[in-house]
Amino acid sequence: ITLWKFLNYNLHYTWNGTPIRTVFWETQQGDIWGFICWGAQITSTIFSGITQLSKIDNKFKKQLLSLSFLRYFIFLMQYTWAVFILNIPIEFSTLWVAISVMFLCISILPTVSLTELVIRGQLIVLLLTPYCNNSLLLISLSTIIWLVNFLLPAIIGAFLLLSFRMNQ
């Protein structure tokens with residue numbers, strides 16, 4: 001039995017009512033057609049999102065963009081402050097590039113809040129180890145920022161919610 005059972009260039013399928021002409025490969029483990037359809041679905045979703053983005057008011061887009069930059073700048077300053085406090089010997093420009101790459105990776109990777117700490121720690125170690133060999137210090141950096149931004153507000157919110165329910 002060969003790995004490729006057949007290769008057919010003339011199969012027609014539809015996507016949102018539009019016929020699609022594609023290559024269909026079938027292997028012993030299954031077919032690649034699902035992967036091709038999944039890629040088409042992702043591409044279609046991206047293009048529909050881009051067309052929906054053009055319908056939003058430009059003033060509102062500028063406000064959202066400025067708030068996004070403000071949030072990014074605050075996170076960047078938190079990391080810079082933590083590096084200064086922990087006395088990690090990294091230049092600020094190198095740190096800012098590494099943090100930018102980390103934020104890009106975090107936004108691409110699907111995470112849950114609890115696993116985000118581990119992923120942030122691994123990314124920081126991966127990106128900053130060439131500049132600082134102390135992995136424990138780099139993981140501490142990531143943990144401090146996670147504690148300040150996620151765990152501390154969650155604990156405060158839990159206590160506020162508990163006190164609100166006790167008063168009712």
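The values are calculated or read from the model by the stated rules, or taken from the named source; none is laboratory data. Note that the structure is predicted; figures quoted are calculated from it, not measured. FYI the Cβ positions are ideal-geometry reconstructions off the backbone, even for glycines, and counts take in every protein chain you see. Accessible surface areas use protein heavy atoms only, side chains included; no ligands, DNA or RNA. Shrake-Rupley method; radii C 1.70, N 1.55, O 1.52, S 1.80 Å.
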Note on Ile32: of the conditions (1) at pLDDT below 80; (2) among the aliphatic types (A, V, I, L, M); (3) within 22 Å of the chain's Cα centre (by Cα), unmet is (3)
Taking first residues from region 102-127 that are under 12 Å from Ser142 (Cα atoms) and second residues anywhere that are open to solvent by 40 Å² or more (accessible area, probe 1.4 Å) and outside any helix (DSSP H, G or I), the pairs with Cβ under 8 Å that are 6 or more apart or on different chains are Ile119/Leu109; Ile119/Thr111
